[in-house]
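Quick notes on the structure that follows.
The values are calculated or read from the model by the stated rules, or taken from the named source; none is laboratory data. The structure presented is a predicted model; accordingly, all values stated were derived computationally and were not measured. Quick reminder, even Gly has a Cβ in these numbers, built from the backbone with ideal geometry, and neighbours come from all protein chains shown. Heads up: the accessible areas ignore ligands, DNA and RNA and are worked out on the full protein's heavy atoms, side chains in. Shrake-Rupley method; radii C 1.70, N 1.55, O 1.52, S 1.80 Å.
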Amino acid sequence: MTKQSDAMARALDEARRAAARGEVPIGAVITRDGEVIAAAGNRTIELRDPTAHAELLAIRDAAALLGSERLTDCDLHVTLEPCTMCAGAISFARLRRVYYGARDPKGGAVESGVRFFAAETCLHRPEVYGGIAETESAELLRGFFAGRR
């Protein structure tokens, strides 16, 4: 396995844990030099916090660990295309790369929707790689929502 697939496997584990807590199953991992330094799953319901997306929680943990708001030599691995809020945080944190699983035509903001990183006003544009473990990421989400309908 590559370091990217190891990190995405960990993000999928975080997504499964989020689902077990009744949260939308999205997981995120931040790596530095190929090693995981932060991992989180959604906690919006548990924390009663609409900003407690997996990406933001992982960014907060990584920044605290490194003692810096700039994560310039770090990569984000997330199971779903980030939303506008998370894309903004990714840009402000100066993450180097974003690897994501499933595309999100309704709420995504990287290659769908507003395409945040393509905006003239975006201060930092990470490299973006979509479709990593896409099938498994999408199946987790479909299964979660099918059980709620």
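Some values worked out for this structure:
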{"item": "Residue list for the stretch 19-34, filter: outside any loop (DSSP other than H, G, I, E, B) and open to solvent by less than 30 Å² (accessible area, probe 1.4 Å)", "result": "Gly27, Ala28, Val29, Ile30, Thr31"}
{"item": "Evaluation of Ala102 against (1) touching a Leu at 6+ places or on another chain (Cβ under 6 Å); (2) farther than 20 Å from Gly22 by Cα (one fails), failing number", "result": "(2)"}
{"item": "Selected residue [modelled with pLDDT of 95 or more and among the hydroxyl-bearing types (Ser, Thr, Tyr)] from Thr2, Thr79", "result": "Thr79"}
